[in-house]
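To start, the structure under review is shown below, and the notes come after it.
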Amino acid sequence: MVPFRERNPVTIGAVGLTVLALLAVAAFNADDLPLIGDGESYSAAFSEAGGLKPGDEVRVAGVKVGRVDEVDLDGDHVRVVFRVKGEPAFGTRTGAAIRVKTILGAKYLALEPKGQGQLTPGSEIPLNRTTPAYDVVTAFSDLTTTTEQIDTERLATALDTISTTFEDSPAEVRESVRGLSRISRTVASRDQALRELLDHADGVSAVLAERSREFSLLAKDGDALFQEISRRRAVIHALLKSSASLGVQLSGLVKDNTKEIGPALKGLNQVVDMLERNQAALDRSVRLLAPYVRVFANTLGNGRWFDSYIQNLVAAPVVPRTGGPS
């Protein structure tokens with residue numbers, strides 16, 4: 001057998017890269033592997049998808065149990081294929097509904113357990129046991145289109161005609177029709193403003209839909225912040241309690257030492273008053289002391305010796321040396 005060190009490094013490198021590539025592919029497709037896949041596969045038939053897309057959550061009683069794999073058109077209905085991991089219990093009469101996850105339009109597939117036993121893997125939930133989602137953005141868009149098609153002037157004229165026709169009717173009927181006429185005139189007079197409002201609402205809905213990811217991240221970050229504050233609640237409570245106790249102790253300390261602190265503060269006040277009264281003299285003393293300190297420092301600036309002299313003292317005469325050359 002050839003030792004490992006003597007093998008061709010090119011062959012070893014190629015085999016190693018191939019194995020790493022296969023492991024990477026397997027990691028990205030782990031859910032589709034037969035042994036470690038993400039649960040059993042089921043399907044459900046809906047009259048319309050309602051904004052559901054692959055990757056959305058599958059929930060039972062609000063708890064996430066899987067994800068949506070496919071959303072495809074199957075004849076006159078939509079077929080949603082989803083996986084369920086673990087072993088949640090839902091019977092053979094289980095229903096499904098597409099529900100709104102966030103106010104920005106995100107959806108999830110909700111399973112509604114019903115019936116005995118367990119739904120067989122691979123089976124499909126029929127149309128009569130599924131409920132499509134209610135899309136708020138689509139509803140606003142339809143409302144805008146519908147209002148644009150209404151001839152408000154003709155509607156007001158029609159209601160005025162009805163009011164005239166019922167002129168001889170009982171008072172209650174006449175007042176009701178007149179109220180409807182006034183409402184129609186008000187709507188007709190504000191038609192342009194209402195259309196602008198609906199257009200703006202449509203634009204806001206579109207912006208919110210585009211920013212769905214950012215709002216979701218903001219909500220998650222806010223939730224993390226509040227959870228951290230909740231975890232630190234005991235520490236914050238202890239800090240506030242200790243601060244209150246410290247305040248009580250300081251108050252007691254001041255109260256117990258009032259007799260000693262009072263005379264000390266009074267004496268300190270007297271010293272400060274005396275210094276203020278003699279401030280001019282102190283300033284003059286400092287100014288006069290400066291030359292003395294400078295000369296004194298120069299005198300002692302030669303190490304162990306210091307220079308000095310005596311005024312009006314006659315210098316000693318020079319005595320010639322004897323016995324030597326002159």
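What is the calculated FRET efficiency for HIS200 to ALA89, with r their C-beta to C-beta distance and R₀ = 56 Å, to the nearest 0.05?
Computed FRET efficiency for HIS200 and ALA89 comes out at 0.75.
Subtract the Cα-Cα distance of LEU268 and ASP160 from 0.36 nm times their separation in residues, and report this length gain in nm to one decimal.
29.5 nm
Quote the FRET efficiency, to the nearest 0.05, computed for VAL187 versus VAL19 with a Förster distance R0 of 56 Å and r equal to the Cβ-Cβ distance.
Efficiency at R0 = 56 Å is approximately 0.20.
With each label point set 7 Å from Cα along the Cα-Cβ vector, what nm distance links LEU73 and ASP223?
With each label placed 7 Å out from Cα toward Cβ, I get 3.5 nm.
Name the long-range amide H neighbours of ARG93: under 5 Å, sequence gap of 5 or more, or other chain; modelled H, no Pro or chain starts.
Correct list: LYS114, GLY115, GLN116.
Kindly state, to the nearest 0.05, the FRET efficiency for LYS255 paired with ARG233, given R0 = 22 Å and r defined as their beta-carbon distance. Intermediate results must be reported in sequence, preceding the final value.
On the way: r = 33 Å, r/R0 = 1.50.
Result of the calculation: an efficiency of 0.10.
What is the Å³ per residue value for the convex hull set by the Cα atoms of the range 174-240?
Dividing the Cα hull volume of the range 174-240 by its residues yields 182 Å³.
Take LYS114 and LEU282, extend 7 Å from each Cα along the Cα→Cβ direction, and tell me the distance between the two endpoints in nm.
9.4
What distance in nm separates the simple spin-label points at LEU275 and THR131, each placed 7 Å from Cα in the Cβ direction?
Modelled inter-label distance: 8.2 nm.
Starting from the exponent 0.38 and prefactor 2.2 Å, build the expected Rg for the range 226-269 from its residue count and divide its actual Cα Rg by it. Could you put the intermediate results ahead of the total?
Values: Rg = 18.1 Å, N = 44, 2.2 N^0.38 = 9.3 Å.
Its radius of gyration relative to the 2.2 N^0.38 Å reference: 1.95.
Just to confirm a number: summing +1 for Lys and Arg and -1 for Asp and Glu over residues other than ARG129 whose beta-carbon lies under 13 angstrom from that of ARG129, what do you get?
Working: positive: ARG93, LYS114; negative: GLU112, GLU124.
After counting each charged neighbour, the total is 0.
Using amide H atoms built in the peptide plane, which far-off residues or other-chain residues are under 5 Å from THR130 H to H?
Amide H to amide H, under 5 Å and 5 or more residues apart or across chains, THR130 pairs with ALA96.
Around GLY267, under 14 Å between beta carbons, what's the net of Lys plus Arg minus Asp minus Glu among the other residues? Present the calculation step by step, with values, prior to reporting the outcome.
Numbers: positive: LYS259, LYS266; negative: GLU260, ASP273.
Overall, the nearby charge balance is 0.
No lab work stands behind these numbers, since they all come straight from the coordinates. Predicted model, so just to flag it, every value in this text is computed and none were measured. All Cβ positions, glycine included, derive from the backbone under ideal geometry; neighbour counts span all protein chains shown.
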